[in-house]
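Structure first, commentary second.
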Amino acid sequence: MNQAKLFFSLTLLVLLLIFGAWLVFFFQWSAPMPRTAAPAVVGTGTGAAAAQAPAPLEPVFNPPALEDAPEKIRPMILLGYKIMTETKKYAPEYVGNDMACTNCHFDGGRSKDTISLVGVAAKYPLYRARREYTADLALRTQGCFERSMNGKAPAPDSQIMQSLLVYYQWISKGIPIYSNPPWAILAHHLENDHKPDAAAGKKVFADVCSRCHGEDGHGTPIAPPLWGDGAYNDGAGMDRIRTFSVFAWRFMPKSSPSLTQEQALDVAAFAKAQPRPKFVATHPNKIERVIPLPGEAKQ
Ligand code: HEC
Ligand code: HEC
């Protein structure tokens, strides 16, 4: 073998190696991406697959700290909480009474012993009988502004509404979507046949409630008004004897509820009979059905 032949063979070998390496890389890089991730566990039949299906998740009450929110959305979450707790300061144009959201949704809805909003973002959209339609949280929140706060509804694309929506979502972290967290349901009524007696309720009010809510029920520095110009209006959920009585029985006096169901029904009837702002409808309550819903007869 002469020198030239050896040199030629070595060059060929090097070229072949380079080509081989190129082939390997080429096929590795251009290997098609799987369109769907392969299932982690492959069942042997329907029975086995069913046995491996994860159990439905139970909602657990565990609202995360506001400070732990992702950096980019944290300022809006913190603002949402401030709107809930200091509503008049942060949303003055939309509040028509002396109340704040937190007066009924304690700790901005983060408490369990209140009309809790923990999980509310997983619960909605929800069919609402009042509107005969499925409503999202912006629409639901507008209702509380117009009725419970005797004010005006912020627009869905306003900073106030967007901050509230972002806030609800954060405090609902970890709650399975479309679950109905048991703590976030205010029972429709006390299952009690007692006939509400406003006269007896007047005494309950004087004995139990007036020390915080004021002799005249118009509120004090330590508790919000129950009626009068500064209270919720007569379109609010709380103006129903059934809603008020459930709320009073479960949560009042604050931190140490003590009423019997009969007392709660009586004091609810008394509150219902007191003067309060009138709800003035500024727009139709129902969503206009321009398009018939699938399966719905054309009107
Ligand atoms: C006078 C008491 C009161 C005030 C003040 C109030 N709400 Fe409500 N809110 C209610 C009642 C009652 C319900 C209905 C609860 C139910 O039926 O489970 C409700 C329901 C809600 C819901 C839906 C909860 C659910 O689980 O369906 C949201 C969201 C809400 N309120 C937000 C607000 C916001 C935001 C404010 C302040 C702008 C506010 N509320 C002020 C009484 C109040
Ligand atoms: C120890 C003081 C205290 C007593 C007593 C008390 N409350 Fe309250 N109540 C509060 C406070 C404070 C709030 C608002 C909670 C908040 O903002 O965190 C409140 C909120 C309410 C609300 C919702 C907000 C509103 O003003 O409409 C109702 C309704 C209510 N109380 C009814 C009653 C009734 C009825 C009684 C008597 C059976 C009663 N409370 C006794 C302190 C009290």
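The values are calculated or read from the model by the stated rules, or taken from the named source; none is laboratory data. Keep in mind that what you see is a predicted model, and the values were worked out from it rather than measured. Here the Cβ is made from the backbone with ideal geometry for all residues, glycine too, and neighbour counts use every protein chain on show. These accessible areas exclude ligands, DNA and RNA; they are computed on the full protein's heavy atoms, side chains included. Shrake-Rupley method; radii C 1.70, N 1.55, O 1.52, S 1.80 Å.
Within segment 118-155, work out how many residues are within 16 Å of ligand 2 (Cβ to nearest atom) and within 15 Å of Val166 (Cα to Cα).
Residues flagged as within 16 Å of ligand 2 (Cβ to nearest atom) and within 15 Å of Val166 (Cα to Cα) within segment 118-155 amount to 1.
Can you tell which of Tyr133, Tyr178, Tyr167 is hydroxyl-bearing (Ser, Thr, Tyr) and buried (at least 20 other Cβ atoms within 10 Å of the Cβ)?
Testing whether each residue is hydroxyl-bearing (Ser, Thr, Tyr) and buried (at least 20 other Cβ atoms within 10 Å of the Cβ) leaves just Tyr167.
Please work out if Leu164 is in contact (Cβ under 8 Å) with a residue 12 or more places away in the chain, of a type in the set (A, V, I, L, M) and closer than 17 Å to Lys272 by Cα.
No; evaluated as a whole, the condition is false for this residue.
Considering segment 127-170 alone, what residues qualify as being within 11 Å of ligand 1 (Cβ to nearest atom), outside any loop (DSSP other than H, G, I, E, B) and within 11 Å of the chain's Cα centre (by Cα)?
Leu137, Ala138, Arg140, Thr141, Leu164, Leu165, Tyr167, Tyr168
What is the one condition in (1) assigned to a helix (DSSP H, G or I); (2) farther than 19 Å from Thr87 by Cα; (3) away from ligand 1 (no atom under 12 Å from the Cβ) that Arg242 does not satisfy?
Of (1) assigned to a helix (DSSP H, G or I); (2) farther than 19 Å from Thr87 by Cα; (3) away from ligand 1 (no atom under 12 Å from the Cβ), only one is false for Arg242: (3).
Any chance you could count how many residues in segment 224-251 are surrounded by fewer than 17 Cβ atoms within 10 Å (Cβ to Cβ) and not acidic (Asp, Glu)?
3
Quick check on Leu265: is it more than 27 Å from Tyr124 (Cβ to Cβ), surrounded by 21 or more Cβ atoms within 10 Å (Cβ to Cβ), at pLDDT 95 or above and away from ligand 1 (no atom under 12 Å from the Cβ)?
Considered against the rule, which asks whether it is more than 27 Å from Tyr124 (Cβ to Cβ), surrounded by 21 or more Cβ atoms within 10 Å (Cβ to Cβ), at pLDDT 95 or above and away from ligand 1 (no atom under 12 Å from the Cβ), Leu265 comes out as yes.
Grab the helices (runs of 4 or more DSSP H) fully contained in segment 12-104, keeping just those with 1 or more residues being modelled with pLDDT under 95 and away from ligand 1 (no atom under 16 Å from the Cβ).
Per the criteria, 46-52.
Considering Ala206, Ala200, which residue is open to solvent by 20 Å² or more (accessible area, probe 1.4 Å), away from ligand 1 (no atom under 15 Å from the Cβ) and in contact (Cβ under 8 Å) with a residue 24 or more places away in the chain?
Testing whether each residue is open to solvent by 20 Å² or more (accessible area, probe 1.4 Å), away from ligand 1 (no atom under 15 Å from the Cβ) and in contact (Cβ under 8 Å) with a residue 24 or more places away in the chain leaves just Ala200.
The rows are residues; the columns are (1) surrounded by fewer than 21 Cβ atoms within 10 Å (Cβ to Cβ); (2) touching a Leu at 6+ places or on another chain (Cβ under 6 Å); (3) modelled with pLDDT under 95; (4) over 20 Å from Ala187 (Cα atoms).
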position: Gly119; (1), (2), (3), (4): no, no, no, no
position: Tyr127; (1), (2), (3), (4): yes, no, yes, no
position: Gln142; (1), (2), (3), (4): yes, no, no, yes
position: Phe145; (1), (2), (3), (4): no, no, no, yes
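With (1) surrounded by fewer than 17 Cβ atoms within 10 Å (Cβ to Cβ); (2) under 17 Å from His218 (Cβ atoms) as the list, and Ile291 as the residue in question, which single condition is left unmet?
Single failed check for Ile291: (2).
Of Asp266, Asp234, which residue is acidic (Asp, Glu) and either more than 10 Å from ligand 2 (Cβ to nearest atom) or under 25 Å from Gly96 (Cβ atoms) (or both)?
Asp234
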